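Engineer: First the structure, then my questions, so here it is.
Values in this text are rule-based calculations from the coordinates and carry no lab data. In this text, all values refer to a predicted model and were calculated from it rather than measured experimentally. Here the Cβ is made from the backbone with ideal geometry for all residues, glycine too, and neighbour counts use every protein chain on show.
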Amino acid sequence: MRRYRLLFIVAVLPAALGFLIWQAYRFGWLSDSILYLRANLGLLIFLSGLLLSILLGIGLYFYLRFERRAQRTSDAALDHFSTEHRQFLQRLDHELKNPLTTLQVELANLGDEGLPPTQPEPNPDSSTSSPLERIRAQVTRLNDMVFQLRKLADLQTASIEQTTVKLDELLDELVTEFSATKPNLTLNVPRMPWSLPEVRGDIDLLYLVLRNVLGNAVKFTGPNDAIQVRAFEDTNHIVVEVADEGPGIPLDELPHIMEELYRGKNARGLPGSGLGLALVRAIVERHGGQVTIRSRVDQGTVVALRLPRV
Amino acid sequence: MTQGVRASLSAFLTRAGFQVEAVSDGAQALSTLEKSKPDLVVMDVLMPRLDGRETLRRLRQAGNLTPVILLTQVGEATERAMALEEGADDYINKPFEPHELVARIRAVLRRVRAGVPPIATAWALVSGELRLDRRARRVTFRDQELNLTPKGLLLLEYLMTHSDEVISRERLLDVVWGWEKSVASRAVDARIAELRRALNDSADAPTYIETSAGAGYRFVAKVERGA
């Protein structure tokens with residue numbers, strides 16, 4: 001603010017100086033003389049225009065310089081923050097790995113009595129499972145979380161494969177898969193007069209994004225709540241929306257819902273790592289897109305993904 | 001590796017029927033290797049004093065071809081490619097399923113023939129009319145260059161360096177993508193389809209890549225070290 005005040009003082013300075021000199025002539029401190037100026041009107045207009053342009057140019061130059069410097073400072077701050085954040089994720093992942101490896105190996109040492117390694121995860125709450133099985137289930141969960149953390153950290157730096165991806169085909173595939181357990185699931189993708197344009201990116205990562213978002217919708221809605229998946233073009237983007245009639249997300253939770261390890265109140269009783277949406281956001285942003293979530297409590301949620309089209 | 005991992009892994013591998021000798025860092029590993037001549041070394045990339053990479057490099061420079069399995073830290077493709085380039089016979093990402101490590105050890109021991117450098121250290125892999133140039137990241141088939149995606153190429157490379165071995169989808173996924181189980185079957189199957197298309201290979205009567213029902217994939221053609 002002090003900077004601005006200084007600038008205003010500088011701006012008023014010529015007028016003040018002029019006023020002083022005028023007064024000096026008026027009160028006879030200086031001997032006044034009259035300047036007769038003769039110019040053709042065209043030239044005069046040109047000269048005043050030139051003067052104005054020079055003044056504007058100078059003003060603009062300083063304004064832009066100032067603006068750029070401010071931008072740089074905030075970029076650097078942001079960069080610093082995201083680097084630190086990434087390093088934190090990497091360190092966390094790193095430090096968790098060794099203890100987890102030990103745990104897994106020791107579990108294998110203890111429990112070779114009849115539990116093959118590929119057996120499906122035993123239900124951790126079931127009272128029939130043995131303590132060993134319950135520990136194993138929790139270690140598996142921890143393991144998954146470390147996996148996801150690594151993904152998140154990797155995603156910031158990993159190179160993104162660039163192939164053309166037909167989102168409508170991926171959506172078809174996913175909707176078919178999920179409709180087996182969710183009859184109220186509909187897909188609305190334009191096929192007329194042309195089908196959905198392609199996007200450019202990593203097909204496996206994009207599939208993962210769609211799967212996570214759709215999986216969330218399925219997880220957080222009741223058996224009879226409807227889910228609609230729709231995709232459309234919006235000038236240079238493809239928008240994919242997953243809309244559900246689930247319980248919705250309270251307003252105060254919305255800003256945090258995509259943060260790592262954040263879990264909403266409604267989510268606490270359900271399985272999940274709290275990393276799914278963070279991953280979705282990281283992937284979509286690496287593809288030059290955006291994720292937005294609109295939600296109303298007791299009415300439902302819309303997750304919208306915007307990806308640049310080919 | 002850290003003391004905890006070392007102790008539990010020693011116990012586990014002993015139970016699995018191996019004779020185990022554990023040391024705490026790369027320098028010790030080198031001197032112990034001289035003396036006790038093991039059949040195989042399992043080595044963490046992160047070790048005090050001399051790290052796994054450097055230890056491996058020195059070992060290979062000294063002409064020692066003892067098979068090495070590296071326990072790697074990061075899931076990135078470059079990191080994994082590096083492990084193979086430096087002459088590791090295989091690698092596994094931490095944290096890992098211990099039984100998977102035993103399976104890896106057995107597979108590597110099966111592949112090893114005395115005095116012959118492992119195929120994993122070859123710069124070029126040749127199988128019939130198929131040739132994979134690992135340094136140039138180029139694949140030619142019937143003298144024509146194939147246009148594969150980077151992941152497709154990585155997958156082919158792994159299959160070829162582990163020929164005649166059934167490799168599970170999860171394992172392939174871990175190798176090529178570094179993570180994510182939920183997309184496993186889809187992602188791997190799509191890339192296998194890409195490779196088959198490029199190689200003109202059929203799933204029913206495969207020349208190169210065979211589907212092992214319910215288990216994974218296997219590169220069935222013979223792979224040789226290329227010039």
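Engineer: Using only Cα atoms, tell me the angle between helix B:52-61 and the longest principal axis of chain B; keep it within 0 to 90° and round to the nearest 10.
Structural biologist: Around 80 degrees separate the two axes.
Engineer: What average count of beta carbons from other chains do you get within 10 Å of the Cβ of residues in B:145-153?
Structural biologist: Average per residue, whole number: 2.
Engineer: Would you compute, from DSSP H runs of 4+ residues alone, the mean residue ellipticity of the protein assembly as shown at 222 nm, taking -39500 (n - 2.57) per run and dividing by the full residue count, rounded to the nearest 500?
Structural biologist: Rounded to the nearest 500, it is -16500 deg cm²/dmol.
Engineer: Give the angle, between 0 and 90 degrees and rounded to the nearest 10, that separates the Cα long axis of helix B:98-111 from the longest principal axis of the Cα atoms of chain B.
Structural biologist: The angle comes out near 70 degrees.
Engineer: Sticking with this one: Just to be sure I understand: with springs between alpha-carbon atoms less than 10 Å apart, which residue in A:ARG72, A:ARG296, A:ARG263 has the highest mean-square fluctuation in the Gaussian network model of chain A?
Structural biologist: A:ARG72
Engineer: Okay, moving on. Tell me the volume per residue, in Å³, of the convex hull enclosing the alpha carbons of the stretch A:214-298.
Structural biologist: Output value, Cα hull per residue: 99 Å³.
Engineer: In the stretch A:172-301, with Lys and Arg counted as +1 and Asp and Glu as -1 at Cβ, which of these residues, A:PRO247, A:VAL218, A:ASN184, has the Cα nearest the positive end of the dipole, that is, farthest along it?
Structural biologist: The Cα lying farthest towards the positive end belongs to A:PRO247.
Engineer: Still on this model: Describe numerically, in nm with one decimal, the distance between label points set 7 Å from Cα along Cα→Cβ at A:SER195 and at A:LEU37.
Structural biologist: So the two model labels end up 7.2 nm from each other.
Engineer: Within 10 Å of each Cβ of B:94-104, how many other protein chain Cβ atoms are there on average?
Structural biologist: The per-residue average across the peptide is 6.
Engineer: With charges only on Cβ, +1 for K and R and -1 for D and E, what is the dipole size of the stretch A:183-288 about its Cα centre, in debye, rounded to 20?
Structural biologist: 240 debye
Engineer: Run the quick spin-label model on A:GLN71 and A:LEU7: label points 7 Å from Cα toward the beta carbon, then report their separation in nm to one decimal.
Structural biologist: Once both label points are built, they end up 1.5 nm from each other.
Engineer: Please quote Rg/Rh for chain A to two decimal places, taking the Kirkwood radius as Rh and restricting both calculations to Cα atoms.
Structural biologist: Details: Rg = 31.8 Å, Rh = 25.4 Å.
Ratio value, two decimals: 1.25.
Engineer: Just tell me the longest site-free run in chain A, where the sites are GluC sites (Glu not before Pro) in a DSSP loop having at most 15 other beta-carbon atoms within 10 Å. Display every interim value, and only then the final one.
Structural biologist: Values: sites that count: A:GLU113, A:GLU259.
Between the exposed loop sites, the longest stretch runs A:114-258.
Engineer: Now for a different question. Taking the Cα centre of the protein assembly as shown as origin, sum charge times position over the Cβ atoms of Lys and Arg (+1) and Asp and Glu (-1), and report the length of that vector in debye to the nearest 20.
Structural biologist: Taking the Cα centre of the protein assembly as shown as origin, the dipole is about 1640 debye.
Engineer: In chain A, which whole DSSP H runs stretch at least 24 Å along their own axis (Cα) and average -0.5 or higher on the Kyte-Doolittle scale? Write out the running numbers ahead of the final one.
Structural biologist: Details: long enough: A:2-26 (35 Å, 0.89); A:41-110 (101 Å, 0.19); A:131-157 (40 Å, -0.34); A:203-220 (25 Å, 1.12).
Helices passing the filter in chain A: A:2-26, A:41-110, A:131-157, A:203-220.
Engineer: Could you list which residues have their amide H under 5 Å from that of B:LEU46, counting only those 5 or more apart in sequence or on another chain, with H placed in the peptide plane?
Structural biologist: Residues meeting the amide H criterion: B:GLY52.
Engineer: Now a separate question. Quick one: length gained pulling B:ASN64 to B:GLN3 fully straight, 0.36 nm per residue minus the C-alpha distance? If you can, show how the numbers build up before the last one.
Structural biologist: Values: separation 61, 0.36 × 61 = 21.96 nm, distance 2.62 nm.
Between B:ASN64 and B:GLN3, full extension yields an extra 19.3 nm.
Engineer: Rounded to the nearest 0.05, what FRET efficiency do A:LYS166 and A:LEU261 give with R0 = 30 Å and r taken as the Cβ-Cβ distance? Could you check?
Structural biologist: Step by step, r from the Cβ atoms, then E = 0.35.
Engineer: Put +1 on the Cβ of every Lys and Arg and -1 on every Asp and Glu Cβ in the stretch B:1-160; which of B:GLY4, B:PRO117, B:GLY26 then has its Cα farthest towards the positive end of the dipole?
Structural biologist: B:PRO117
Engineer: Additional query: Skipping prolines and chain starts, which residues have an amide H placed within reach, meaning under 5 Å, of the one on A:ILE238, given they are 5 or more residues away or on another chain?
Structural biologist: Residues meeting the amide H criterion: A:LEU307, A:ARG309.
Engineer: Let me ask something else. Rounded, prolate or oblate: which one fits chain B, using the alpha carbon gyration tensor with axes a ≥ b ≥ c (rounded when a/c is under 1.5, else prolate when a/b beats b/c, else oblate)? Numbers along the way, then the final one.
Structural biologist: Numbers: a/c = 1.98, a/b = 1.60, b/c = 1.24.
Note, shape of chain B comes out prolate.
Engineer: Can you tell which of A:LEU17, A:PHE88, A:VAL165 lies farthest toward the positive end of the dipole of chain A, using +1 and -1 charges on the Cβ of basic and acidic side chains (Lys, Arg; Asp, Glu)?
Structural biologist: The listed residue farthest towards the positive side: A:LEU17.
Engineer: Counting only C-alpha contacts under 8 Å and six or more residues apart, can you give the relative contact order of chain B as a whole percent?
Structural biologist: Worked out over chain B, it gives 15 percent.
Engineer: Take chain B, connect every pair of alpha-carbon atoms lying under 10 Å apart with a spring to form a Gaussian network, then pick out the residue of B:VAL102, B:VAL176, B:VAL45 with the largest mean-square fluctuation.
Structural biologist: Its mean-square fluctuation being the largest, the pick is B:VAL102.
Engineer: How much length would be gained if the chain were fully extended between A:ASN184 and A:LEU251, taking 0.36 nm per residue of separation minus their Cα-Cα distance, in nm to one decimal?
Structural biologist: Going from the current span to full extension adds 21.5 nm.
Engineer: Semi-axes of the equivalent ellipsoid for the stretch B:136-217, please: Cα gyration tensor eigenvalues, times 5, square-rooted, ordered largest first, whole Å.
Structural biologist: 20, 15, 11
Engineer: Check each of the trypsin sites (Lys or Arg not before Pro) in the stretch B:100-162 and keep only those in coil by DSSP with at most 12 other C-beta atoms within 10 angstrom; list them in order. Mind showing how you got there, number by number?
Structural biologist: Values: sites: B:ARG104, B:ARG106, B:ARG110, B:ARG111, B:ARG113, B:ARG131, B:ARG134, B:ARG135, B:ARG137, B:ARG138, B:ARG142, B:LYS151; in loops: B:ARG113, B:ARG134, B:ARG135, B:ARG137, B:ARG142.
When the trypsin sites (Lys or Arg not before Pro) of the stretch B:100-162 are filtered for loop state and at most 12 Cβ neighbours within 10 Å, B:ARG113, B:ARG135, B:ARG142 remain.
Engineer: Pick out which of A:ALA282, A:ALA267, A:ALA11 has the largest mean-square fluctuation in a Gaussian network model of chain A, springs linking Cα atoms closer than 10 Å.
Structural biologist: Between A:ALA282, A:ALA267, A:ALA11, it is A:ALA11 that shows the largest mean-square fluctuation.
Engineer: Average partner chain C-beta neighbours within 10 Å, per residue of B:5-15? Walk me through the intermediate numbers first.
Structural biologist: Values: counts 10, 2, 3, 9, 7, 1, 4, 7, 1, 1, 3.
Average per residue, whole number: 4.
Engineer: How large is the charge dipole for chain A, taken about the Cα centre, if only the Cβ atoms of Lys, Arg (+1) and Asp, Glu (-1) carry charge, to the nearest 20 debye?
Structural biologist: It comes to approximately 1880 debye.
Engineer: Still on this structure, please answer the following. Note the angle between two axes, namely the Cα long axis of helix B:3-15 and the longest principal axis of the Cα atoms of chain B, as a number of degrees from 0 to 90, rounded to the nearest 10.
Structural biologist: 70 degrees
Engineer: Hull surface divided by four, with the convex hull built on the Cα atoms of the stretch A:1-85: how many nm²?
Structural biologist: Working: hull surface 36.6 nm².
With every direction weighted equally, the projected area is 9.1 nm².
Engineer: Report, largest value first, the span of the C-alpha coordinates of the protein assembly as shown along each principal axis, in whole Å.
Structural biologist: Projected onto its principal axes, the Cα set of the protein assembly as shown covers 113, 65, 53 Å.
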